[in-house]
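The values are calculated or read from the model by the stated rules, or taken from the named source; none is laboratory data. Owing to the predicted nature of the structure, the values given are computational and were not obtained by experimental measurement. Cβ atoms come from the backbone with ideal geometry, glycine included; neighbour counts cover every protein chain shown. For the accessible areas, the whole protein counts, side chains as well, though only heavy atoms, and no ligand, DNA or RNA atoms are used. Shrake-Rupley method; radii C 1.70, N 1.55, O 1.52, S 1.80 Å.
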Amino acid sequence: MCQVYLYKFLPTNPSGRVYVDLLKWTNPIRVKIDANLYFHLTFSCVLICTQQVNVGGFTLIVTLWGLSSLEGVCSHGVHPLARIAIENTVLDLNNSASSVKVSPSVLGTGGQSFDWVNVNISNPNPSDNDWIGVFSPSNVSTSTCAPENSEVLAPLLCTAPIKYKYVKDGNPNYKNTGKALLKFRLINQRSDFSLALFTGGLSKPKLVTVSNTIAFSNPNVPNYPRLTQGKLWNQMSVTWTSGYGTREARPFVEWGKKGENQRRSSATTITFNRNNMCGAPAKTVGWRDPGYFHTSFFTGLSSNTLYTYKVGHKLSNGTIIWSKAYNFKSSPYPGQNSLQRVIVFGDMGKDEIDGSNEYNQYQHGSINTTNQLINDLENIDLVFHIGDISYANGYLSQWDQFTSQVEPIASSVPYMIASGNHERDWPDSGSFYETKDSGGECGVVAQSMFYVPSQKRTNLWYKSDYGMFRFCVADSESDWTEGSEQYKFIKQCFASVNRQTQPWLIFIAHRVLGYSTSWFYDLLGLYGEPDGRESLEDLWQKYNVDIAIYGHAHNYERTCPVYQENCTKNGTIHVVAGGGGASLTKFAPVSQSWSLFRDYDYGFLKLTSVDRSKLLFEYKKSSDGKVIGGVASHGDQPFSKISIHETVFALNDAAYVKASPLVLGLKGQTYEWLTVTLHNPVPAIDDWIGVFSPANFSASTCLPDSSMVAPPLLCTAPIKFQFANYSSPNYKDTGKASLKFRLINQRSDFSFALFSGGLSRPKLVAVSNSVAFAYPDAPNYPRLAQGKMWNEMTVTWTSGYGINEAEPFVEWGRIGEETRRSPAGTLTIDRNSLCGAPARTVGWRDPGFIHTGFLHELWPNSVYMYKLGHKLLNGTFVYSPVYQFKSSPYPGQDSLQRVIIFGDMGKDEADGSNDYNNYQHGSLNTTKQLIKDLKNYDIVFHIGDICYANGYLSQWDQFTAQIEPISSIVPYMVASGNHERDWPNSGSFYSNNDSGGECGVLAETMFYVPAENRAKFWYATDYGMFRFCIADTEHDWREGTEQYQFIEKCLATVDRQKQPWLIFLAHRVLGYSSTSFYAADGAFGEPMGRESLQKLWQKYKVDIAIYGHAHNYERTCPVYQNICTSNEKHAYKGSLNGTIHVVAGGGGASLTNFGKVNTTWSLVKDVDYGFLKLTAFDHSNLLFEYKKSSNGQVYDSFSISRDYKDILACTLDSCPPTTLAS
C-alpha cells in the first residue's frame, strides 16, 4: 500500500532520538527513528509504502519511503527549465532543409538593455512538440560541459536554455506547414545568443538545427541597478551588473542633487564561480556565468530630497562606459513626519512578456504585480520583497531576467529583500531547513546580487528605519529560536526603537512565523511555522509590534490583533502577503477566530503612514490595483494627502493671488462667499490653493520635531483647499483662474496660498492679502442637547472670548414672556491636551472657547426663544441671533414624538473644496434633508463618527457650522465613535489611531451629553414615551464593567407603562451586521458584543438596537441568539419576543459593502446614504422609517402595535424561572 504523507523532522530530544511526524491526509501517526537524520526541522513530501510482516506473533509494519516531487501537493509547480532533460539530447541534424534564422543580428543599438527578435523556423518534419531554445553563450556544444565523472563522457549538451517556446505558438498550422514565426524578447546578459530547434519534446530532445549568432552591441555595459537603503538613514546603496571585471574597468557612480554639482563614488566588485554553488542544477545544467556585481554608496544624503545618478566604468584606455541617468528620493530621517508609502509582498518570481517558458503555468501573477507597481511608482517610496525572489531554483540565467523585470522599480526606489527557501535552503549548507528548494544556490546568488544592510552578508537579517517606520527583517532560513544569534537581533531591533518618533513597528519574515490557515500549515495543526510563535510571540507582545508580515504561503490572509491565538485589542496583526506571483496556495477548509480576511489571488500590500498617528493598510489586487480587504478605512482624510512638511519655496514675482471682499460678515452672518483670482506664469494641472487661518502660517509657528533639525517651512495644514483648475478648465493654458470659497467665522483672519507640485510635493508660489470677519470673536454655532432632567435643556456654543475677556450667558424664555439670563461655563483645550499627531502637529488649530449654559424647569412641549451673549469688561454686550426650540415632553407624555437617528455623517464642503465628494459623499444631502424637514421631528441622535476631523481641528468648526440650522433648533445628541475616541494607550477600548490624536477630547468638549462623567460617553435620556440608552463602544462594555452596570440599570429602571419604547444606541455594531468586515471574521458583529449584551436586551425587552460604524443600512428580524423570533417583516403586533437590530451608518461617509453571505436574520440591506425616523403616535403604536438622503423618500419601514400586557408577557429568557413549593 502506498500513500502520500507530509513529513517533518523535529530536532533531536536530549535522548538523541528523532521524532518524525507523519501527517497523512486523514490520520496523523508518529514514529520514532534511532538515527540523527536532521538537526533542523525540514518539511517535504514523501511517498510511503508499507508491508505487514509477522514476527514472533507480532505484526510489524515495514515502511519504505522516499522523497517525492508531487506537483500541486507539496511544491509550487515544476520550474519550467527543469522540465527540459537537456543532458539527454541527441543529434538529429540530417535534414539540411531545416533552418532557424534570427533577426536583427545586432541588438540594443539604441543603448537599450532589451530588444525583440524575430525567429523564422522551417522544418520539413514538424511535430506538435517541437520547440526553440535560446542559448547564451551561443556555443552550446559539448565543449562547454564539465563531466561530473572523469570516466564518463560528457553529454552532447549540458547547459539549459535561458528560455524556450513551442514552435506551434508561432503558427497554429505549423504541424502541417513546417513553418512558423516566433518573437522573443531578449535582455542583455553579457554574451551572444543562438537559438536551437529541437524535436522530441522536452523530455527527449533531439537537436535539429541551430540559428545564426546574435548579440547586443555592447554586451558588457552596466545594467539593472538595484537601490537599497544603507545601514544609516542618510545612506543609499546601488548595486548593478556588468560584464567588466576589476582588471578591465574601474566601476563608480556619478550622483548628486538634481540640478547641482555631481560627485563620484567608487564601487566594489564581486562575483562567484561554479564551485561556490552547493549542488545541481546550479552547479550543472543551470550554471551560467553571472557577470560582475558592483555596489556603491551614496552617503550624507539630505532627507526626502531628489537625487540623480548614473553608473559608469572607466576602461583602462580612459574611455567611460555609462548607464542611462536615474532618479531617486532619499529617505526621510527617523521620525520625520511626512507622507511615507511602503510596498510589501513575497514570492513574486519572474514572468516572460514574450510568453516563453510556460511561466503562466508557474508564476502567473508576477508580471501583473510588477506592472501595477510601475504604474503607481510615483506613489511608492520603498519596496520589501520578502523572500522567494526570482525562483531561479538553480537556473542562474533567470536572475538576470528578474533584475531586468524589476529595474523600473528598483532603479527608482529602494528594493529591499528577505531570504526565502528558494534562495537559501540546501542540505548540509547551514540553512535551518534541509530541503533542496534553492536548486543548489544555497543563498550565494541572492547575497551577491542584492545588498542588504545586515552586519554580515550571509546573515540576511537586518533592521531598516524609514521615517516613522522601523522594519525588523528576519531570516526564516536561519535559526530564529530563543537563544540564537538571530533571536537576540530581533529582540534588540524591537527594543531599540523610539516609538514616540517611530510609532510603526513592523516585523517581516519569509515563512509564516505567526498565523496562517494555508492548507499545509493546517495539516500540521499549528497554523504557522513550527517553533515560530512559540519563540517570538512574547517579543511581539512585549514590544507592541503593530504588524507582522510573511510570504511563503501564496495567498493573502489578515488576522485580528492576536496574542496566544486569541483576538485582543493589544495584540499584533499578522498578515500573509505571499501572492506576489508564484502559483497560488489554497486555504484549508477551516475557520479560525483570529482569521479576518482571506483571498486566494495575487496581490501586494501598501502601508501608508500619513503621520505619527495614522497608518493606512491596504491589500491591492495585482490584476487591477484595486484595494480589497484592507484594514477598515473610510478613505484618506483630505488634509492627510497634503505633505505640508515637504513644502519648498518657489516664489514667483509674476504670480499673484487676490481675495475679496476684505471684510466678511458685515451683517453679522457667520459665513460669506468670496472670490479668489490668481495667476501663475508657469501653470500646471496639479496647482492648488490652500486656505490658511490664522493668515500667518510661516515657519515661525512651527515646533521642530527635534532640536537638532530645523523646523520645516510650513507646519500647519490649510483649513480647506481647491485645485486651481476647479472652475477654470483652461487654467493650464492661461495660468489664470477664479475660484469661489465659502468661509465660516473661525475666530481669526485668513490668507490664500498658491502651490505647485501637487499635494505630495507642494511648492509655495504666491500668498494673497489677508481677509477677516468683522466680528471674529462673536458667539456662533449653538448646539442644543437634553440635560440630565427631562425639563432641562443645554446649549453649547463657540466664541473667541475667554473668561478673562467676557462673561458668557444665555438669555432665554417662553415666546412672548419675560426672558431671564443663565450663566454659562467655559472650556477650551491646548495642544498638550491631545494625544498625538496630526492633532498635536499639522492638524492643530486653536479651538476657541466652548461655553455651555443650562435652561432649567422648562414646561413640556413649549416653544422657547434664546440668544447667546457675552458681557465684555467695558460693559458692552455681544449677542448672537435669536433662536427657538421646543422643550421636551415629560416622561410618558402622550403626544406625537419624532426622532431622527444616524451615524457616521461627517462634513462636506458646499464650495467643492477638499475633495470631500471622495470622502464623505452623502453628508450634505443628509444635512439638507434634515434642514428641509425640520418642522417634522423633535430630536436628533448622531451615534458616533461625528465630523471625521481625524486630528485636523479646524474641521470641528466646519461641522458645527454645517449642522447649526438643526442643532440650534432641536436637541442634537451625540455618541462616541472610533473617529472621536480611539488612540493607543489612552484608555480607549480599541488601540487604533482613528481619532488622529484627538482621543475624545474634542468631542467631549464641543458637545454636551448628560453623562455622569464627560470622559465616559454613556448616558440615558428620556424623551416622552421613549427611553434611550446610549452606550460608548470605545470603552469596555463587557459584563462586570462599569458601563455594563450602567446599561443594565438604564434598561431596568424604565417604567414601560409610561415609556413603552425602549431603544438601545451604540456606535459599533454590538448586535448583528452582515457588512463585509464583520462577515469576514464570521462574527457578523463586533467581537464580544452580542455575547455580553444579548441577555440584557432579551431580559428587558429592548425594542430596537441601532448602530453606526458600518456605512450602510441593514435591518434584522426580531432576533435572539441568531434566531428570528417572528416571521413578520413590516407590521408587528403584540410581543416581538426579540430585538430588532438596525445599522444606520450611512449618514455621509464613504459607503461599506456587504459580505457575500446571506443570513436568515437579515431582512433589508441598502448600500446608500440615509437616516432613520422613529415616530411614536401613542403608547401602543410606533412607526420606523429609513429614508434616503438623496431625496428624503422612505425606502424601508415597519410598524409596531401592542399593548402594555404584551410587554409584560414572558418570552424566552425574559422572565425569571419560577418554582412551585411542595
Q. Within the stretch 349-370, can you find the residues that are at pLDDT below 95, assigned to a helix (DSSP H, G or I) and on the phi < 0 side of the Ramachandran plot?
A. Ser356, Tyr359, Asn360, Gln361, Ser366, Ile367, Asn368
Q: Identify all residues within the stretch 765-797 that are of a type in the set (Gly, Ala, Ser) and over 29 Å from Trp688 (Cα atoms); write none if there are none.
A: Ala778, Ala785, Gly787
Q. Which fully enclosed helices (runs of 4 or more DSSP H) of the stretch 911-985 have 3 or more residues being among the hydrophobic types (A, V, I, L, M, F, W, C) and closer than 23 Å to Thr1033 by Cβ?
A. 954-967
Q: Pull up the stretch 273-306, narrow it to residues that are touching a residue at least 60 places away in the same chain (Cβ under 8 Å) and not in a loop (DSSP other than H, G, I, E, B), then point me to the one that is farthest from Ser438 (Cα to Cα).
A: Phe298
Q: Identify the single condition in (1) at negative phi; (2) modelled with pLDDT of 95 or more that Cys567 does not satisfy, given that it satisfies every other one.
A: (2)
Q.
Here is a check on your reading of the model: is Asn832 under 30 Å from Pro712 (Cα atoms), exposed (fewer than 15 other Cβ atoms within 10 Å of the Cβ) and either out of contact with any His (no Cβ under 6 Å at 6 or more places or on another chain) or among the hydrophobic types (A, V, I, L, M, F, W, C) (or both)?
A. yes
Q: Look at the stretch 411-433 and say how many of its residues are surrounded by fewer than 24 Cβ atoms within 10 Å (Cβ to Cβ), of a type in the set (S, T, N, Q) and either over 28 Å from the mean Cα position of the chain (by Cα) or part of a strand (DSSP E or B) (or both).
A: 1
Q: Looking only at the stretch 1104-1117, decide whether some residue is over 29 Å from the mean Cα position of the chain (by Cα) and closer than 22 Å to Pro1216 by Cβ.
A: no
Q: Give the residues of the stretch 80-112 that are open to solvent by less than 70 Å² (accessible area, probe 1.4 Å), within 50 Å of the chain's Cα centre (by Cα) and within 23 Å of Leu181 (Cα to Cα), sorted by residue number.
A: Pro80, Leu81, Ile84, Val102, Ser103, Pro104, Ser105, Leu107, Gly108
Q. What are the pairs, 6+ residues apart or on separate chains, where a residue within the stretch 653-668 that is polar (S, T, N, Q) has its Cβ under 9 Å from a residue that is modelled with pLDDT of 95 or more?
A. Ser660/Leu674; Ser660/Thr675; Ser660/Val676; Ser660/Thr677; Ser660/Asn769; Ser660/Val771
Q: Could you tell me which of the residues Tyr1008, Tyr1044 is outside any loop (DSSP other than H, G, I, E, B), at pLDDT 95 or above and open to solvent by 10 Å² or more (accessible area, probe 1.4 Å)?
A: Tyr1044
Q | The listed residue being at pLDDT 95 or above and among the small types (Gly, Ala, Ser), out of Gly603, Gly629 | A | Gly603
(Q) Take the conditions at negative phi, surrounded by fewer than 23 Cβ atoms within 10 Å (Cβ to Cβ) and among the aliphatic types (A, V, I, L, M) and apply them to Leu377. Does it pass? (A) yes
Q. Taking the stretch 266-298 as the region of interest, how many residues are under 22 Å from Glu407 (Cα atoms) and either of a type in the set (S, T, N, Q) or open to solvent by 30 Å² or more (accessible area, probe 1.4 Å) (or both)?
A. 10
Q) If you check Glu254 against the conditions, is it within 39 Å of the chain's Cα centre (by Cα), open to solvent by 10 Å² or more (accessible area, probe 1.4 Å) and without any contact (Cβ under 8 Å) to a residue 24 or more places away in the chain? A) no
**Q.** Subset of the stretch 113-136 [open to solvent by 70 Å² or more (accessible area, probe 1.4 Å) and not in a loop (DSSP other than H, G, I, E, B)]
**A.** Phe114, Trp116, Asn120
Q) For the stretch 1060-1089, which residues satisfy the criterion of being open to solvent by 10 Å² or more (accessible area, probe 1.4 Å), within 18 Å of Ile1104 (Cα to Cα), touching a residue at least 60 places away in the same chain (Cβ under 8 Å) and out of contact with any helix residue (DSSP H, G or I) (no Cβ under 6 Å at 6 or more places or on another chain)? A) Arg1068
Q. Is at least one residue of the stretch 567-574 in a loop (DSSP other than H, G, I, E, B) and touching a residue at least 60 places away in the same chain (Cβ under 8 Å)?
A. yes
Q | Those residues of the stretch 881-897 which are surrounded by fewer than 16 Cβ atoms within 10 Å (Cβ to Cβ) and assigned to a strand (DSSP E or B), in sequence order | A | Gln884
Q: Name the strands (runs of 3 or more DSSP E) wholly inside the stretch 706-775 in which the number of residues that are hydrophobic (A, V, I, L, M, F, W, C), touching a residue at least 40 places away in the same chain (Cβ under 8 Å) and open to solvent by less than 20 Å² (accessible area, probe 1.4 Å) is 3 or more.
A: 736-744, 751-756, 763-767
Q) Which residue out of Ala654, Ala582 is open to solvent by 10 Å² or more (accessible area, probe 1.4 Å), more than 23 Å from Gly996 (Cα to Cα) and part of a loop (DSSP other than H, G, I, E, B)? A) Ala654
Q: Could you tell me whether any residue of the stretch 994-1005 is in contact with a helix residue (DSSP H, G or I) (Cβ under 7 Å, 6 or more places away or on another chain), closer than 27 Å to Leu1151 by Cβ and open to solvent by 30 Å² or more (accessible area, probe 1.4 Å)?
A: yes
(Q) Scan the stretch 552-559 and tell me whether some residue there is modelled with pLDDT of 95 or more and open to solvent by 10 Å² or more (accessible area, probe 1.4 Å). (A) yes
Q.
Being of a type outside the set (Gly, Ala, Ser), under 16 Å from Gly387 (Cβ atoms) and out of contact with any Gly (no Cβ under 6 Å at 6 or more places or on another chain) is true for just one of Thr568, Thr559, Thr572, Thr585. Which residue is that?
A. Thr585
Q | Pick from the stretch 163-213, criterion β-branched (Val, Ile, Thr) and in a strand (DSSP E or B), ranking: farthest from Leu107 (Cα to Cα) | A | Thr199
Q.
Tell me the residue from Ser316, Ser338 that is open to solvent by less than 30 Å² (accessible area, probe 1.4 Å) and either touching a Lys or Arg at 6+ places or on another chain (Cβ under 7 Å) or of a type in the set (S, T, N, Q) (or both), please.
A. Ser338
Q.
Of all residues being modelled with pLDDT of 95 or more and either open to solvent by less than 40 Å² (accessible area, probe 1.4 Å) or of a type in the set (Gly, Ala, Ser) (or both) in the stretch 810-824, which is nearest to the chain's Cα centre (by Cα)? Just the residue, please.
A. Ala824
(Q) Tally up the residues in the stretch 1069-1089 that are modelled with pLDDT of 90 or more and either over 25 Å from the mean Cα position of the chain (by Cα) or in a loop (DSSP other than H, G, I, E, B) (or both), please. (A) 9
